[in-house]
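Heads up, the thing below is written out as structure tokens.
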Amino acid sequence: MIKVSDIEKFYHTEELEITALNKMSIEVEGGEFVAIMGPSGCGKSPLLNILGFLDDADHGSYVFNGVEVSRLNERKRADLRKQNVGFLFQNFNLIDDLTVFENVELPMIYTGLPASVRAKRTDDMLDRMHITDRRKSYPQQLSGGQQQRVALATGPD
């Protein structure tokens, strides 16, 4: 469950203060699907960076699964992010020197899973994304759609 209450985010330049989020509130229940949409410059990216534990709100409250995120240190936020959040960027952010299998497996290494468990989960994810036949390929050898599926496969189960 995500509950954001009255969050504010500001960016400062030498000349002005930019309000990216102004007392924004949203609540998302477990299993609910939500799309964040709006025109360029309306605050979508700052909101998603806060929701993904990449940035802090300047004011307000963010509760994730009953935990107030602003009270967590960077290490605990990183652990929460590793276990619960996946990002799908426009440019995929795959590592060119790693194979498809290695790109999908990499985030699991940081969670401390044993190699045998990582291999099974990686194979399962590649199968679910219909890219098992490309497991030894490198990102530059894939189509855009295949790269997108690899990027999706790197997220949490």
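The values are calculated or read from the model by the stated rules, or taken from the named source; none is laboratory data. Please read all numbers here as calculations on a predicted model, not as lab measurements. Note: ideal-geometry Cβ built from the backbone for every residue, glycine included; neighbour counts use all protein chains shown. Heavy atoms of the whole protein, side chains included, go into the accessibility calculation; ligands, DNA and RNA do not. Shrake-Rupley method; radii C 1.70, N 1.55, O 1.52, S 1.80 Å.
Normalising the average separation of contacting C-alpha pairs (under 8 angstrom, six or more residues apart) by the number of residues puts the relative contact order of the stretch 6-157 at 20 percent.
With every protein chain kept in place and ligands, DNA and RNA left out, what is the accessible area per residue of the stretch 1-147? Probe 1.4 Å, answer in Å².
Heavy-atom SASA per residue in the stretch 1-147 reads 65 Å².
Across the protein chains, with a 1.4 Å probe defining accessible surface, the residues Glu14, Glu29, Glu102, Glu68 rank Glu14, Glu29, Glu102, Glu68 from largest area downward. With Cβ to Cβ distances under 10 Å as the rule, what net charge do the other residues near Lys9 carry (K, R +1; D, E -1)? So the environment of Lys9 carries a net charge of -4.
Relative contact order for the stretch 18-71: 25 percent, from Cα pairs under 8 Å spaced at least 6 residues apart, divided by residue count. Rounded to 0.05, the FRET efficiency of the Leu88 and Lys23 pair, given R0 = 22 Å and the Cβ-Cβ distance, is 0.20. Within the set (1) -0.27; (2) -0.37; (3) -0.44, the number that log10 I(q)/I(0) by the Debye sum over Cα atoms at q = 0.09 Å⁻¹ takes when calculated for this structure is listed as (2).
Protection proxy ranking for 111-118, 1-8, using the average of other Cβ atoms within 10 Å per residue and placing the highest first: 1-8, 111-118.
With the simple spin-label model, which puts each label point 7 Å out from Cα in the Cβ direction, the Ala115 to Lys76 separation comes to 3.5 nm.
Computed from point charges on the beta carbon alone (+1 for Lys and Arg, -1 for Asp and Glu), the dipole magnitude for the chain about its Cα centre is near 580 Debye. Measuring nothing but protein heavy atoms, the accessible surface of the stretch 22-157 at 1.4 Å probe radius is 50 percent carbon and sulfur. Please report the net charge: other residues with Cβ closer than 10 Å to the Cβ of Ser70, K and R +1, D and E -1. Neighbourhood net charge equals 0.
Surface listing: Lys44, Lys76, Lys136 arranged by accessible area from highest to lowest gives Lys136, Lys76, Lys44, probe 1.4 Å.
Sum up the charges of everything whose Cβ sits under 10 Å from the Cβ of Tyr110, counting Lys and Arg as +1 and Asp and Glu as -1, but leave Tyr110 out.
0
Label point of Val63 set 7 angstrom out along Cα-Cβ; within the stretch 23-40, amide nitrogens under 19 Å from it belong to 23-32. Take the Cβ atoms of Asp55 and Leu106, set R0 to 35 Å, and the FRET efficiency comes out at 0.95. As a length-normalised measure over Cα pairs under 8 Å and 6 or more apart, the relative contact order of the stretch 1-41 settles at 41 percent.
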